[in-house]
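A.B. asks: Dropping the structure in here first, questions after.
The values are calculated or read from the model by the stated rules, or taken from the named source; none is laboratory data. None of these values were measured; they are calculated from a predicted model. Virtual Cβ from ideal backbone geometry, glycine too; neighbours counted across all protein chains shown.
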Amino acid sequence: MSKPNLLELHNISKSFGALTALSNLSFHIGEGEVVGLLGDNGAGKSTTVNLISGIHKPSDGYLTVDGKRTLFTCRSDSADAGIETIYQHTALVDSLSITRNIFMGRELTDRFGFLKQAEMREIAMEVLKNAVHIAGIDSPDTLVGNLSGGQKQAVAIARAVYFKKRVLLLDEPTSALSVRETEALLNQVLKLKAENVSSVLVTHNLYHAYQVCDRFVIMSHGTKVFDVEKADTTVGQLTEYVVLS
Amino acid sequence: MTPILAESAAPRSRTQKQSILKQIMGKPAGAIFLVFMTLQIVCIVGALLYPDDFRYLSPQNLTILMKAIPVLGCLALGAGVLMISGEFDLSIGSVYTFTAILMASLVNLGISAFIAAPIGILAGVMIGLLNGQITLRFGLPSFIVTLGGLLFWRGAVLLYNGAVQVRFDPEAAFSSLFSGSLFGINAAFIWIILLVAAFHLLLHSHRFGNHVFATGGNRGAAEAIGINTGRVKLIGFAIAGGMAAVAGILATTRVGSVQPGQGAGLELQAIAACVIGGLSLRGGRGSIIGIFLGVLLIHTITDVLLLLRAPGFYLDMFIATLIVLAAIFNHLIERRGLA
């Protein structure tokens, strides 16, 4: 038997009271694969992201990680499984430095809990320089509040890279970015793919998705309507599915 | 003095000068530091020029300052840490009085002050935890919950003790530990310096401090990353209550008695010191040095006005102006993203 997929969703349904947000949704994410999760507003993309990151629990169905059935009950469960969610409004603290944000909640400390500041700074500098190339940042001591939207996302990605995450969930990552920043972000996704890190790109923008994704999952009304490899489709066909379904 | 003046007067490129100023301003509490140093220089020069009329440097005046600063300092340190985590405690003035009376009564019953004082601190911590539990459990604004605390514990003092003062007569060792002096420096002042150093380490060099800033700065983000923000805030409340009790110990040992009405208004002064020191009312921003400079500034200005024989009634107007100016200034800095 071949190696199990990194992450699989099996017949997942989710309802909030009388409202059914997801019904019978199944798809998978392979190792080092970039999957575009597409669909119009209200298709259930955000619910899916929240489900994979552990914020929502499925009403029915289940997830598997490396073929093993798992239940995420909170964010830290998914984080432990190697999943990092990067939100539109990234989960960073503006009043803290880049270094402190990268290590937030996972600080390097001595046994009394005092921060190893020099060490963290050095690692942050290393990550910023090599793993994630962020233009226009000269120091890891810069406060995150002073960064642009793209730079903030890069810091969030740097955090994921340093902590060796296996899947990045990018929720509308390009919506607030300039053209140049978008380009940098998409390159980053490809670079991570080369290092075998998978990404799920949740987006409206089919062109951005088409540039980097290996496969596309199109959702409509809480369920999957199309699942196709890049080689077997075109932007035109994807658009048709998103608009018409 | 002269070489410094000569150096600053020497021609220097505009950008270089700007960058030094900007560097200081960019540091946490940099702006308040500049204001404080300017005031000190003016006062010291004034005192040297007119030693008879402006007795700023006289030993008596310095002693008064050193005795007055620690009480507000303790209250502001506790209130400040809590404020950075995004909550307020308006009850600290009342808790300060209540725990002091508790301690003094225990000593009057014959219990050693070395046991009574920790009991007082413990009581402060418990009241802080209670404030925190109510705030967090019911998702209420801490402003309202601790406003309730302010009235409740003020009333509790009167219920327990009536409106009479309580004498505090601890053993000599206790008195000299908290109100004696070492090399001419007041013991309470040494305590506050030690506490400032300890709080600085805790907030800026310890994991807990990082979590306090994260909790106040972006609670959602802190929780997403796995920080237990409820616990961080609860510890903040406990620290605020405990430090109110410590302030009570310092004040009571110095004066030798507790007045039931003595804490009224101190909670607002403590918050004022924090705001002057650059703390954001929304949480997530500030520094321990800033808080301490805020306390020093309030006391220095009060002191200067008294030395200049300004009528006591008007002192509050100056402090009020200072607070509002500081708030405007901090707001501008926040918006420009300088600090």
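A.B. asks: Take A:G54 and tell me if it is touching a Phe, Trp or Tyr at 6+ places or on another chain (Cβ under 6 Å), assigned to a loop (DSSP other than H, G, I, E, B), within 14 Å of chain B (Cβ to nearest Cβ) and not polar (S, T, N, Q).
C.D. replies: So A:G54 fits the description; yes.
A.B. asks: With the requirement that a residue be β-branched (V, I, T), within 14 Å of another protein chain (Cβ to nearest Cβ) and within 23 Å of A:S46 (Cα to Cα), what does region A:134-166 give you?
C.D. replies: Residue satisfying the conditions is A:V155 alone.
A.B. asks: Keeping to region B:173-193, report how many residues are over 19 Å from the mean Cα position of the chain (by Cα) and either part of a strand (DSSP E or B) or under 20 Å from B:S58 (Cβ atoms) (or both). Give the steps one after another, and end with the answer.
C.D. replies: Let us first name the residues in region B:173-193 that are over 19 Å from the mean Cα position of the chain (by Cα), namely B:173-177, B:180-185.
In the following step, the residues that additionally are either part of a strand (DSSP E or B) or under 20 Å from B:S58 (Cβ atoms) (or both) were identified as B:181-185.
Of the residues in region B:173-193, 5 are over 19 Å from the mean Cα position of the chain (by Cα) and either part of a strand (DSSP E or B) or under 20 Å from B:S58 (Cβ atoms) (or both).
A.B. asks: Moving to a separate point now. Does A:L169 satisfy being under 19 Å from A:S199 (Cα atoms) and within 14 Å of another protein chain (Cβ to nearest Cβ)?
C.D. replies: When the stated conditions are applied, A:L169 passes them.
A.B. asks: Only residues in region A:8-19 that are outside the structural domain of A:L37 (by TED's automatic domain parsing) count as the first member; pair them with residues that are surrounded by fewer than 16 Cβ atoms within 10 Å (Cβ to Cβ), Cβ under 9 angstrom, at least 6 apart or cross-chain, and list the lot.
C.D. replies: Listed pairs, sorted by first residue: none to list.
A.B. asks: How many residues are of a type in the set (G, A, S) and modelled with pLDDT under 80 when one looks only at region A:122-147? Break it down into steps so the answer makes sense when it comes.
C.D. replies: Residues of region A:122-147 of a type in the set (G, A, S): A:124, A:131, A:135-136, A:139, A:145.
Going one step further and asking which of them are modelled with pLDDT under 80, we end up with A:131, A:135-136.
The qualifying residues number 3.
A.B. asks: Hey, another quick one. Surrounded by fewer than 24 Cβ atoms within 10 Å (Cβ to Cβ), more than 9 Å from chain A (Cβ to nearest Cβ) and under 17 Å from the mean Cα position of the chain (by Cα) - does that describe any residue in region B:220-233?
C.D. replies: Within region B:220-233 (the criterion being surrounded by fewer than 24 Cβ atoms within 10 Å (Cβ to Cβ), more than 9 Å from chain A (Cβ to nearest Cβ) and under 17 Å from the mean Cα position of the chain (by Cα)), the answer is no, since none of the residues qualifies.
A.B. asks: Which one of A:L201, A:L177, A:L206 is surrounded by 17 or more Cβ atoms within 10 Å (Cβ to Cβ) and either on the phi > 0 side of the Ramachandran plot or modelled with pLDDT under 85 (or both)?
C.D. replies: Sole residue among the options that is surrounded by 17 or more Cβ atoms within 10 Å (Cβ to Cβ) and either on the phi > 0 side of the Ramachandran plot or modelled with pLDDT under 85 (or both): A:L177.
A.B. asks: Can you go through B:L130, B:L102 and tell me which one is in contact with a Gly (Cβ under 7 Å, 6 or more places away or on another chain), free of Cβ contacts under 8 Å to residues at least 60 places away in the same chain and on the phi < 0 side of the Ramachandran plot?
C.D. replies: Selected residue: B:L102, the only one of B:L130, B:L102 that is in contact with a Gly (Cβ under 7 Å, 6 or more places away or on another chain), free of Cβ contacts under 8 Å to residues at least 60 places away in the same chain and on the phi < 0 side of the Ramachandran plot.
Condition check ((1) among the aliphatic types (A, V, I, L, M); (2) under 27 Å from B:R282 (Cβ atoms); (3) more than 10 Å from every other protein chain (Cβ to nearest Cβ)) across all residues:
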{"site": "A:S23", "(1), (2), (3)": "no, no, yes"}
{"site": "A:G36", "(1), (2), (3)": "no, no, yes"}
{"site": "A:G42", "(1), (2), (3)": "no, no, yes"}
{"site": "A:T73", "(1), (2), (3)": "no, no, yes"}
{"site": "A:Y87", "(1), (2), (3)": "no, yes, no"}
{"site": "A:L92", "(1), (2), (3)": "yes, yes, no"}
{"site": "A:N101", "(1), (2), (3)": "no, yes, no"}
{"site": "A:M104", "(1), (2), (3)": "yes, yes, no"}
{"site": "A:E119", "(1), (2), (3)": "no, no, yes"}
